[in-house]
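Notes for the one structure printed next.
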Amino acid sequence: ALATDGGDTGLWECKDLHKGELWWSPQHYRLIGYEPGDFTPSLHGFIERLHPDDQTRIHDELLQAADKAGFDIDFRLQTRTEGYRWFRSRAKVFRDDAGTPVRMAGIIRDVHDPCMALVKIQEHGDALHAIFSLSPDGFVAFRKDGTVGYVSPAFCRLTHLSADDVTGLNES
């Protein structure tokens, strides 16, 4: 409890996969803006809180998890006050002596800020790619080790070299 109480990780368990009843740690509730006891967690309630674009994918992942050892998935959940936020959940499936999946336990982590940072990086990368693709000037970018990491389409047109011919070459 001390390790998870103030962090970005909550715990959960489905003690009986056939019933689909869930237990959430207090921090799990708090990650989505609630307090323990505000509602009884259930698989149905979890699916309802998923972003509509994630519901089918996550539902399918959960069904397939019983055939695997578990899962590691990212999704958006509706929080009480902050709208949808990105979370990552990892789980392990436990089996009875006959090998039948009977319970599952895992963690949930708030990964919203790193996900949003990646989105911004992707957006900036897309903008730079558009600029370099449209520019008549040839551009070459070098990696830290001094090898070519990127050449613009204009560079290829001007030099009659392909990106594959140049990428990885050293500066000299």
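The values are calculated or read from the model by the stated rules, or taken from the named source; none is laboratory data. Computed from a prediction, not measured in an experiment: that's the story for all the values here. A quick note on method: Cβ atoms are made from the backbone with ideal geometry, for glycine too, and the neighbour counts reach across all protein chains shown. Heavy atoms of the whole protein, side chains included, go into the accessibility calculation; ligands, DNA and RNA do not. Shrake-Rupley method; radii C 1.70, N 1.55, O 1.52, S 1.80 Å.
Screening Ile73, Ile47 for residues that are of a type in the set (Val, Ile, Thr), under 19 Å from Leu11 (Cα atoms) and part of a strand (DSSP E or B) leaves exactly one candidate, Ile73.
Residues that are more than 21 Å from the chain's Cα centre (by Cα), in a loop (DSSP other than H, G, I, E, B) and of a type in the set (A, V, I, L, M) within the stretch 17-36 comprise just one, Leu17.
Against the conditions (1) assigned to a loop (DSSP other than H, G, I, E, B); (2) modelled with pLDDT under 90; (3) in contact with a Phe, Trp or Tyr (Cβ under 9 Å, 6 or more places away or on another chain); (4) open to solvent by 70 Å² or more (accessible area, probe 1.4 Å), Phe39 satisfies every one except (4).
Output the residues belonging to the stretch 27-36 that are in contact (Cβ under 8 Å) with a residue 24 or more places away in the chain, out of contact with any Asp or Glu (no Cβ under 7 Å at 6 or more places or on another chain) and open to solvent by 20 Å² or more (accessible area, probe 1.4 Å). Scanning the stretch 27-36 gives a single hit, Tyr34. Residues that are of a type in the set (Asp, Glu), surrounded by 11 or more Cβ atoms within 10 Å (Cβ to Cβ) and modelled with pLDDT under 90 within the stretch 49-79 comprise just one, Glu61.
Scanning the stretch 44-64 for residues that are over 20 Å from the mean Cα position of the chain (by Cα) and either farther than 21 Å from His112 by Cβ or touching a residue at least 60 places away in the same chain (Cβ under 8 Å) (or both) yields one hit, His44. Residue count for the stretch 84-105, restricted to those that are touching a Lys or Arg at 6+ places or on another chain (Cβ under 9 Å) and closer than 19 Å to Ile47 by Cβ: 12.
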